[in-house]
Structures are given as C-alpha cells and as structure tokens.
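> Dumping the structure here so I can ask a few things about it.
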Amino acid sequence: MDKKITPTTRRRLTAPAIVVAMLAGTAWFGSTWQASAQMSLALPLSSVSTALVQQQSLQESIALRANVMPQQTVYLDVIEGGRVEEKLIEQGQFVTQGQPLVKLSNTALQLDLISREAQVTEQMNFLRNTQMTIETNRLNLKRDVLDIEHQLVTLKRNLAQTEPLVKSGVLAKETLLNLQQDLRYQQERLKLTQQQQKQDEAIRKQQLSQLSESVAMLTKNLEFARQNVQNLLVRAPVSGYLSEFNVEAGESRAPGSRMGQIDIPDRYKLVASVDEFYLSRVSTGMQANARVNQQDLQLTVSRVDSRVVNNQFQLEFTLPGEHKVKRGQSVNLTLQLEAQQRDALVLPRGAYLTDSAGQYVYVLDSKTATARKQAVTLGKQSANQIEIISGLNAGDQVIISGYRDFAQADTIQLQH
C-alpha cells in the first residue's frame, strides 16, 4: 500500500540533502582554492639558481674542515704537589730543554729530606764503627797467630837443645816431657786461632756487605728525596712552544695534576671530525686533497680514532714537510672515499639538499617557466656533486638553491 507524502514529510527529506550539498560544495571549493593557490605561487626567476643534470665522472668524497695540531705534544704534570711560589714564564713562549718554568714549595718534602739525611749519616757512622771493631779483632787474631808461631819456634829450639842433655843425664827427663807437652799445646792453639781467623774473616765480609747494601739503599732513598725537592722547580722536559700553561702564583697543586703542555715545533698534523655514518668506510691510507697557505697538498689518513663523541669520530693526516702554520689553524680538505672515478648521472650540490632532506627536487620547464616537485633517489656524493639514481634524466634543469620559502608547493611559476 503506497504511503501518501505530505508537505511536512517532503520538508523533512529536503533539509538533510541541502546540508550534504553544502558540505560537498564547501570541500570542492576548498580543494579548488588550495590547488589554485599552489598553482598560482609565483617567484621571481632571479631568486633561484638552476643547474643541469649531466652524465659526468664522479669520485665519491666528503669535504672536511680540519685543524692544525702538533704531531707531538709533551704534557707538564706536577710530580710532587705543592704551593706555587713563582711563575717564571708565560704561555705561548718558546722554551728550551731544562729551562725553569715554575717554582713550588712543599714543607713535608723538605722535612722528609732532612730526616733521610740524618738516617744516612747515622747509618754511615754505625758502619764506620763496625768496620773499626772488625778491623781491631782481625789485627788481634793476627797478633795471636804471630805470638803462637813465635812460641812454637822457641819451643822447638829448646826441645832440640834439651834432648841431648837428657840422653847424657845432665837434665831430667821430666824437662823434656814438659817441653814436648808445651809444643803440642801451642800447635793445637795455632790451629784453633787460624780457624777462628778464617771464620771471623767470613763473618766480617758478610757484615760489611750487608752494611754497605743498607747504606747504598739509604743513599738511594736520600737521592730520591733530594730529587723530589728538586722537582719543586719545574723545568721544561723538551724544547718547544708552551702552548698551554695554566698556573697562578699562590695556588696549590696536587701530585699528578696537569699544568700545561709543550708542542714540538715544525712538525704538525691535521685533525678532522667526521660524521659517524662514514666510520665503517674510512681506513688508514686513504687519500685526501688539501690547500694549505695557497699550496695544494696530497695527504694520507695516518690514524683513525674510532671513538664516537657527539656522533663524530676523528681522522688524522700527517702534514708533510715544513709549512708555516700555527696550532689551531683551520684547513679545508677533501677525503676521497673511492680510489677511482666512474661515470654517473650527477647534479651539483646546493642548499636544496638540506631543505629537501634529499627526498625531492624542483624540475624547471624552461618553456613554461614552471617548476614542479619531483621525488628523487640520491646516491654517492663528492665535494661538489651528488649522484642521481632515479627520478631525473640527463638534461633536466633543476633548482639547486634553497627550498625553504616554497617547500610546501607542488609547482612554482617563475616570473622574469
């Protein structure tokens, strides 16, 4: 059964339709206005720079900024701590080996030196007294041996004279027996005295050796103590430029603290910081080109410091020959990541790479003076060029100046 449509029902159905139509119209107008705004974006032609995509030779490289540093640096560390009494030279001056730099004071070291000197003196006196005692005993034993030998000679002579007299009955036999008994006694006494002499001699040598070693050790300790006191006058270990010298009179310095450094002159190196992205691709022996004081130089990577600090690592290049450079001087160089050149589709580097993050470029149609956004895939790069893998063809004209002012536009109308 058909339902009869009343005027009220017709109004209910018409109202939503009108709302939907209005929303659709608004959306269409907005999209049309946005597209029209993008299409109508106009820039003066003089505000952009362009370049042609070309097939050229490419050798991958990166541009670096290096600083001149000395090849060899000798650090000045405080051996013995103390109070800075006097600063004898200023930073930046040339110093010669052995030249005094700063004077320190340390009461504890000076008292220790006095104590060690007293110990060595006491030990030396004890050694001399011991030597005198041993020498006296040695002389006494030698004198005893001489006395016994003298008595033996006398007894043998008396015995030789007594034997005939005893046989003839002039003297009693008891006299002969007493002389023989005295002779045996003195002979045994001589053996014991000589044995004691040998034993005392061995002991004497051992005692003297031990005492000499003790004195030598104390003397060595005394020399160390004297050297520690002498180290309070800090001297230059080598000749060179005192590039850093952070010392002020009156301050206290702990043992091992660093006061400064001395740079060896006429021998320098270049130190450059490189993004960690290239860490796996860089090795020693790679070639680099640099320009130092209007002179082109061929350099070689001498050292790769693989420690990453703030997303960067460091490369070192030995600076050949003698050049009039100063510590901290900046030098531009180009590191060759490839050994040989190869043909590739390339485009000059420019500010557009940073603004577009290497994702797109604006290709210019010279006939219509219109530039359109084009997605691209980029490859390896050199100091001046970058490889185009896809998205562009040889002969395309590309805007290579900055995109910051129109990065959101799809097309640009350039005007003369």
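> Candidates (i) 61; (ii) 14; (iii) 9; which is the computed percent of Cα pairs over 43 Å apart?
Step by step, percent of Cα pairs over 43 Å apart for this structure corresponds to label (i).
> Related question: With everything on Cα atoms, drop me the angle between helix 107-167 and the longest principal axis of the chain, reported from 0 to 90° to the nearest 10.
In the chain, helix 107-167 runs at an angle near 30 degrees to the longest axis.
> On to the next question. Could you list the residues of the stretch 369-395 with an amide nitrogen less than 11 Å from a label point located 7 Å from the Cα of ALA63 in the Cα-to-C-beta direction?
From the stretch 369-395, the list is 382-385.
> Report the calculated FRET efficiency for TYR185 and GLN210 (r = Cβ-Cβ distance, R0 = 35 Å), to the nearest 0.05.
0.40
> Give the relative contact order (percent, whole number) for the stretch 266-412; include only Cα pairs under 8 Å separated by 6+ residues.
Once normalised by length, the contact order is 20 percent.
> Can you give the helix-only mean residue ellipticity at 222 nm for the chain, where every DSSP H stretch with n ≥ 4 adds -39500 (n - 2.57) and the sum goes over all residues, rounded to the nearest 500 deg cm²/dmol?
Mean residue ellipticity at 222 nm (helix-derived): -14000 deg cm²/dmol.
> Turning to a different aspect of this structure: Expressed as a whole number of Å, what is the distance separating the alpha-carbon centroids of the stretch 102-127 and the stretch 290-342?
Using only Cα atoms to place each centre, the spacing works out to 53 Å.
> Could you run the Karplus curve 6.51 cos²θ - 1.76 cosθ + 1.60 with θ = phi - 60° over the stretch 403-416 and give me ³J(HN,Hα) per residue in whole Hz, x for Gly and Pro?
Computed from phi, the couplings for the stretch 403-416 are 9, 4, 7, 9, 5, 8, 7, 7, 9, 9, 9, 8, 10, 6 Hz.
> Using Cα springs under 10 Å in a Gaussian network model of the chain, which residue among ASN178, ASN221, ASN332 shows the largest mean-square fluctuation?
Between ASN178, ASN221, ASN332, it is ASN178 that shows the largest mean-square fluctuation.
> Pick from GLN287, GLN207, GLN397 the residue whose mean-square fluctuation is largest in a GNM of the chain, springs joining Cα atoms under 10 Å.
In this elastic network of the chain, the residue with the biggest mean-square fluctuation among GLN287, GLN207, GLN397 is GLN207.
> Beyond a 21 Å Cα-Cα separation, which of these cross-linked pairs lie in this structure: LYS269/LYS326; LYS156/LYS198; LYS269/LYS324; LYS87/LYS324; LYS142/LYS205; LYS87/LYS326?
Exceeds cut-off: LYS156/LYS198; LYS87/LYS324; LYS87/LYS326.
> Report the accessible area of SER330, computed with a 1.4 Å probe over the heavy atoms of all protein chains in place, in Å² rounded to the nearest 10.
Its accessible surface works out to 50 Å², give or take rounding.
> Still on this structure, please answer the following. Quick one: 3J(HN,Hα) in Hz for the stretch 186-200, Karplus 6.51/-1.76/1.60 with θ = phi - 60°, rounded, Gly and Pro as x.
Residue by residue, the stretch 186-200 yields 5, 5, 5, 5, 5, 4, 5, 5, 5, 5, 4, 5, 5, 5, 5 Hz.
> In terms of modelled amide H atoms, which long-range or inter-chain residues lie less than 5 Å from the amide H of ALA236?
Answer set, sorted by chain and number: GLY98, GLN99, LEU101.
> Using every Cα-Cα pair within the stretch 253-400, state what percent have a distance larger than 27 Å.
Roughly 44 percent, rounded to a whole number.
> Return one number: the angle in degrees, 0 to 90 and rounded to the nearest 10, between the long axis of the Cα atoms of helix 7-39 and the longest principal axis of the Cα atoms of the chain.
For 7-39 against the chain, the angle is about 60 degrees.
> Using Cα pairs under 8 angstrom and six or more residues apart, how large is the relative contact order of the stretch 74-139, in percent?
Dividing the mean separation by the residue count of the stretch 74-139 yields 28 percent.
> Report for the chain the percent antiparallel among DSSP-assigned beta bridges with both residues inside it, nearest 5.
Looking only at bridges with both residues in the chain, the antiparallel portion is about 95 percent.
> Continuing with this model, one more query. Starting from the amide H of VAL376, placed 1.01 Å from N in the peptide plane, find each other amide H under 5 Å away whose residue is 5 or more places distant or on another chain.
TYR360, VAL361
The values are calculated or read from the model by the stated rules, or taken from the named source; none is laboratory data. Just so you know, these numbers come straight off a predicted model, no measurement behind them. Virtual Cβ from ideal backbone geometry, glycine too; neighbours counted across all protein chains shown. Accessible surface is based on the protein model in full, side chains and every heavy atom, while ligands, DNA and RNA are left aside. Shrake-Rupley method; radii C 1.70, N 1.55, O 1.52, S 1.80 Å.
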